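Report on the structure given below.
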Amino acid sequence: MAKLELLPAVDVRDGQAVRLVHGESGTETSYGSPLQAALAWQRSGAEWLHLVDLDAAFGTGDNRELIAEVAKAMDIKVELSGGIRDDASLAAALATGCTRVNLGTAALETPEWVARVIAEHGDKIAVGLDVRGTTLRGRGWTRDGGDLYETLARLDKEGCARYVVTDIAKDGTLQGPNLELLRNVCAATDRPVVASGGVSSLDDLRAIAELVPLGVEGSIVGKALYAKAFTLEEALEATS
Ligand SMILES: O=C(O)c1ccccc1N[C@@H]1O[C@H](COP(=O)(O)O)[C@@H](O)[C@H]1O
């Protein structure tokens, strides 16, 4: 089995590490200090951290200083997302030393800007394709933003290096990943895909790892780790 990269998630809302259900504001379960959570994943052997400023994604403020503190404290690779929508927020995100950023809303609302930053920054830019069915959602997943496959074709043409694909219906539910969606996205693009949403067990991770030959490169893991469905050490062992 080819290795699947694992990206434990630290989503930050109001200064706390939280998990949401279906990405809905108000469904937060809090898990304390984001820095302590990130350091714990690093100590457990993570090679990546998926770090999200949820307030910036929802437009309810931001946790920019705290996010920068966490990113800078990491010795591992960091994928940063949430509220990166213009030159200033992109510059602030890249200044944290993160390995790459993940753009969501901007890819739906300001495609010219996204095409420009893809051309400027190459594989430091990934696009988050957050979908309900095949409809993309932006602004904290509260607004429709067009068709998944049309947007994917446009971003492919613009040279987008990588996609982070989240099935919103699965996110935070521990109901298993949407393997069909991942297969369909891999069939539609030759760029690497990072899976997100629904992972509940080591078997789910093994099932995603089966898709590595199709183009799935990694998987974000959130709720399952916080709910202690398995340890990160077990997950790394199962997918290496
Ligand atoms: O990760 C979540 O649970 C989440 C829930 C609701 C909204 C966004 C969420 N996550 C990340 O936010 C970025 C999108 O931010 P933006 O649209 O660019 O401001 C997306 O990539 C998700 O990783």
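The values are calculated or read from the model by the stated rules, or taken from the named source; none is laboratory data. This is a predicted model, so every value here is computed, not measured. Don't worry about glycine lacking a Cβ; one is built from the backbone with ideal geometry, like all the others, and counts go over all protein chains shown.
For the reader, a short list of remarks on this structure follows.
- Within region 72-85, residues that are surrounded by fewer than 24 Cβ atoms within 10 Å (Cβ to Cβ) reach partners that are in a helix (DSSP H, G or I) and hydrophobic (A, V, I, L, M, F, W, C) with beta carbons closer than 6 Å, at six or more positions or on different chains, in the pairs Arg85/Ala106.
- Residues considered: Ser25, Ser89. Of these, the only one that is near the ligand (Cβ under 9 Å from one of its atoms), in a loop (DSSP other than H, G, I, E, B) and hydroxyl-bearing (Ser, Thr, Tyr) is Ser25.
- So Leu6, is it buried (at least 19 other Cβ atoms within 10 Å of the Cβ), at pLDDT 95 or above and either hydrophobic (A, V, I, L, M, F, W, C) or part of a strand (DSSP E or B) (or both): yes
- Count of region 96-110 residues which are free of Cβ contacts under 8 Å to residues at least 40 places away in the same chain and within 8 Å of the ligand (Cβ to nearest atom): 2
- Verdict on Val131 being surrounded by 16 or more Cβ atoms within 10 Å (Cβ to Cβ), within 15 Å of the ligand (Cβ to nearest atom) and more than 23 Å from Asp62 (Cβ to Cβ): yes
- Residue within region 117-126 that is assigned to a helix (DSSP H, G or I), within 13 Å of the ligand (Cβ to nearest atom) and either touching a residue at least 12 places away in the same chain (Cβ under 8 Å) or of a type outside the set (A, V, I, L, M) (or both) present: yes
- Some residue of region 23-45 being modelled with pLDDT of 95 or more, touching a Cys at 6+ places or on another chain (Cβ under 7 Å) and over 20 Å from Gly145 (Cβ atoms): no
- Residues that are part of a helix (DSSP H, G or I) and surrounded by fewer than 21 Cβ atoms within 10 Å (Cβ to Cβ) within region 28-65 comprise Leu35, Gln36, Leu39, Ala40, Gln42, Arg43, Phe58, Arg64, Glu65, listed in sequence order.
- In this structure, Ser81 does not qualify as within 9 Å of the ligand (Cβ to nearest atom), of a type outside the set (Phe, Trp, Tyr) and over 29 Å from Leu4 (Cβ atoms).
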